[in-house]
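Scroll down for the structure; my scribbles are underneath it.
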């Protein structure tokens, strides 16, 4: 995937245009289990300010929200942003906005960054740009959680295993845990 907006949008497509059930995100066992494991892996009970890029249809956002004083959820798909906004409409502390990584990033300190299912689509320079954003904005006691499908698939630039190895190599953060399910 190239770094310009048009190619990024072409690579991701828009699985949310017709229905959030297209990828069975809400109900399939893999997705429900992945969300539960992701939330269970969080090292702190609460976070003052969190960021979830690639929020998709908002299922993970809804699970993260009770653990955060403020949560910024973002996606490059306007349909995904609309779905997430509907999913968390009653949660005033959750802000949902369209955002194209790695160029856009929230200002200010973050205590949690959740990188779920987006790293595989990024070229290495884009991934490094995200790492730089994290280094600049993550609080001293902050956490980064990464969750990705491990096997190759059409449209991915790298596997989830490759993304995680690169993140571990560049993040300079202690590895608190991992799960290879």
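The values are calculated or read from the model by the stated rules, or taken from the named source; none is laboratory data. Worth saying up front: this structure is predicted, and the values here are computed from it rather than measured. Positions of Cβ are generated from backbone atoms using ideal geometry, with glycine treated the same way; all protein chains shown enter the neighbour counts.
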- Query: Being touching a residue at least 60 places away in the same chain (Cβ under 8 Å) and closer than 20 Å to residue 57 by Cβ, is that true of even one residue in the stretch 123-133?
  - Reply: no
- Query: Taking the stretch 117-130 as the search range and keeping residues that are surrounded by fewer than 19 Cβ atoms within 10 Å (Cβ to Cβ) and touching a helix residue (DSSP H, G or I) at 6+ places or on another chain (Cβ under 8 Å), which one is farthest from residue 171 (Cα to Cα)?
  - Reply: 124
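Condition first: out of contact with any strand residue (DSSP E or B) (no Cβ under 7 Å at 6 or more places or on another chain) and either under 16 Å from residue 120 (Cβ atoms) or part of a helix (DSSP H, G or I) (or both). Now tell me which residues in the stretch 164-180 satisfy that. Give the steps one after another, and end with the answer.
Going through the stretch 164-180, the residues out of contact with any strand residue (DSSP E or B) (no Cβ under 7 Å at 6 or more places or on another chain) turn out to be 165-166, 168-170, 172, 174-180.
Of everything in the stretch 164-180, those that are out of contact with any strand residue (DSSP E or B) (no Cβ under 7 Å at 6 or more places or on another chain) and either under 16 Å from residue 120 (Cβ atoms) or part of a helix (DSSP H, G or I) (or both) turn out to be 165, 166, 168, 169, 170, 180.
Determine which member of the set 100, 91, 63 is within 25 Å of residue 150 (Cα to Cα), at pLDDT 95 or above and surrounded by fewer than 21 Cβ atoms within 10 Å (Cβ to Cβ).
Working: 100 fails: at pLDDT 95 or above; 91 fails: within 25 Å of residue 150 (Cα to Cα).
Answer to the selection: 63.
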- Note on the structure: Going through (1) more than 16 Å from the chain's Cα centre (by Cα); (2) assigned to a helix (DSSP H, G or I); (3) at pLDDT 95 or above one by one, residue 84 fails only at (1)
- Here the residues within the stretch 137-162 that are loosely packed, with under 13 Cβ neighbours inside 10 Å, outside any loop (DSSP other than H, G, I, E, B) and without any contact (Cβ under 8 Å) to a residue 24 or more places away in the chain are 140
- Set 93, 44: member being in contact (Cβ under 8 Å) with a residue 60 or more places away in the chain and touching a strand residue (DSSP E or B) at 6+ places or on another chain (Cβ under 8 Å): 44
- Task: Return a yes/no flag: does the stretch 108-116 have any residue that is at pLDDT 90 or above, in a loop (DSSP other than H, G, I, E, B) and on the phi > 0 side of the Ramachandran plot.
- Result: yes
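This table checks each residue for (1) at pLDDT below 90; (2) exposed (fewer than 12 other Cβ atoms within 10 Å of the Cβ); (3) touching a helix residue (DSSP H, G or I) at 6+ places or on another chain (Cβ under 9 Å).
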site	(1), (2), (3)
9	yes, no, no
13	yes, yes, no
22	yes, no, no
30	yes, yes, no
58	no, no, yes
71	no, no, yes
76	no, no, yes
